[in-house]
Amino acid sequence: MNIYDIARLAGVSIATVSRVVNDSPRVSEKTKQKVRMVMEENNYTPNVFARGLGLDSMKTIGIICPDVSDIYMARAVAFLEHRLREYGYDCILYCSGQKQEKKEQALRLIQRKRIDALVLVGSTYAGRGSDDSVRYIREAAADIPVFLINGKIEGDNIYCVYSTDDESTYDAVSKMIEAGRKRILFLSDSHSYSANKKLEGYERALRDHGMPVLGDLKLYVKNQIHYVRDILLSRRVLEFDAVLATDDVLAVGAVKYAHAKGLKIPEDLSIVGYNNSEFSVCCEPELTTIDNTGEELCNITIDNLMKVLKEETVPQEVPVRCVLVKRCTTDF
C-alpha cells in the first residue's frame with residue numbers, strides 16, 4: 001500500500017494525502033478525517049517521499065473570472081498577475097461565463113493544471129456554504145485554498161475579500177434623499193451577489209427615510225450605454241429625479257438619457273454610478289461614482305494567499321469599505 005493507493009481510495013490527490021500527513025491547514029478537517037480513516041483501515045505508514053510531496057509546488061495560481069473583456073474583471077486579473085509575479089508565481093486564467101455548468105467546467109479544467117491555489121474573481125461565484133450552486137467550490141477547497149474576490153462563500157479553506165456594497169449604496173441613497181430627491185431609480189444589469197447587496201442598501205435607505213420601495217423604480221437592463229438610454233426614453237410613464245446605477249456604464253446611459261430629454265444634471269436629475277471606472281470621467285458631466293476599491297481587494301487577496309501557502313493563519317472574511325467619489329452629477 002503506497003500514497004497513490006491511499007489517494008485513490010480516499011478520492012483525493014496525492015498532494016492532499018501528503019498535506020494530511022503533514023497536518024497542513026490547507027486541507028479541511030472533513031478531508032483530513034476521511035484520508036486518515038483510509039490510512040488507518042489499510043495500516044498505511046507514511047514514508048519520507050509522502051511527507052516531502054506536501055512541500056512540492058508548481059509556483060502557479062489559478063484564476064477564474066466570468067469574462068475578461070469586462071473592464072472590472074480585466075483590471076482585477078491584470079493586477080493579480082502583476083502581484084503574483086512579484087512573489088515569483090505564474091498564473092493560469094480561465095473565463096467561465098455566468099452559467100453554472102460552465103463555471104463548474106472551468107474549475108475542473110483548471111484543477112488539472114496542478115495549481116497551488118485558486119482565485120475566483122467576481123460575485124457570480126458567491127453563495128452560502130449550504131448552497132448546491134457552490135458545492136463544486138467547497139469540493140475544490142478540500143484540495144487547494146480558494147480565494148474569492150468580492151463575494152462570500154462559507155467553508156473550510158475558503159477565504160473571501162469583499163466590498164461593503166450595501167453600506168455604500170445606503171450612504172449614497174441617503175444623501176440623495178436628504179438633498180430632496182423623491183423618486184430614485186435603481187438601475188442594474190444583474191442579480192448577482194454584489195448587485196443584490198447594492199439593492200439591499202438602496203431599499204434600506206428608502207425605508208429608513210420613510211419612503212416606499214417601489215417596483216417600478218427598479219429596472220434591470222443590458223450593460224450598454226445606448227441601450228440604457230433608449231430603454232429610459234421609451235418608458236414615458238417612468239418618472240424619477242435620481243438614479244443609482246450598479247455600474248458606471250449604466251450611469252452613463254442615464255446621462256445620455258438626460259441629454260436627450262433636455263434635463264439639467266444635477267438640477268433635474270442626480271446620478272450616481274459604480275466602480276469609478278474610466279467611463280466615469282469620459283462623459284459630460286463627469287460622474288459621481290462609488291469606488292469599490294478593486295485594487296485593494298486584489299492586494300489583500302494576494303497577501304493573504306501567500307500567507308496561507310506558508311501555512312500562516314489569515315481571516316476567512318475581510319470586508320472592505322467603498323469610497324464615494326464626488327464629481328458633477330450630484331448636488332449633495
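Of Ser188, Ser194, Ser133, all but one fail to be surrounded by fewer than 17 Cβ atoms within 10 Å (Cβ to Cβ) and either under 14 Å from the mean Cα position of the chain (by Cα) or of a type outside the set (A, V, I, L, M, F, W, C) (or both); the exception is Ser133.
Would you call Arg235 modelled with pLDDT under 95 and surrounded by fewer than 20 Cβ atoms within 10 Å (Cβ to Cβ)? Give the derivation first.
Working: modelled with pLDDT under 95: yes; surrounded by fewer than 20 Cβ atoms within 10 Å (Cβ to Cβ): yes.
Yes: the conditions hold for Arg235.
Taken over region 82-127, residues that are assigned to a loop (DSSP other than H, G, I, E, B) and loosely packed, with under 12 Cβ neighbours inside 10 Å amount to 4. Being within 15 Å of Thr169 (Cβ to Cβ) and either of a type outside the set (Phe, Trp, Tyr) or at pLDDT below 95 (or both) is a property that does not hold for Asn223.
For region 1-51, the helices (runs of 4 or more DSSP H) that sit wholly inside it and include 2 or more residues that are under 32 Å from the mean Cα position of the chain (by Cα) and closer than 19 Å to Lys310 by Cα are 14-21, 29-41. Among the residues of region 188-200, those that are assigned to a loop (DSSP other than H, G, I, E, B) and out of contact with any Phe, Trp or Tyr (no Cβ under 7 Å at 6 or more places or on another chain) comprise Ser190, His191, Ser192.
The values are calculated or read from the model by the stated rules, or taken from the named source; none is laboratory data. Remember, predicted model here, so these are calculated numbers, not experimental data. Please note: Cβ atoms are built from the backbone with ideal geometry, for glycine as well, and neighbour counts cover all protein chains shown.
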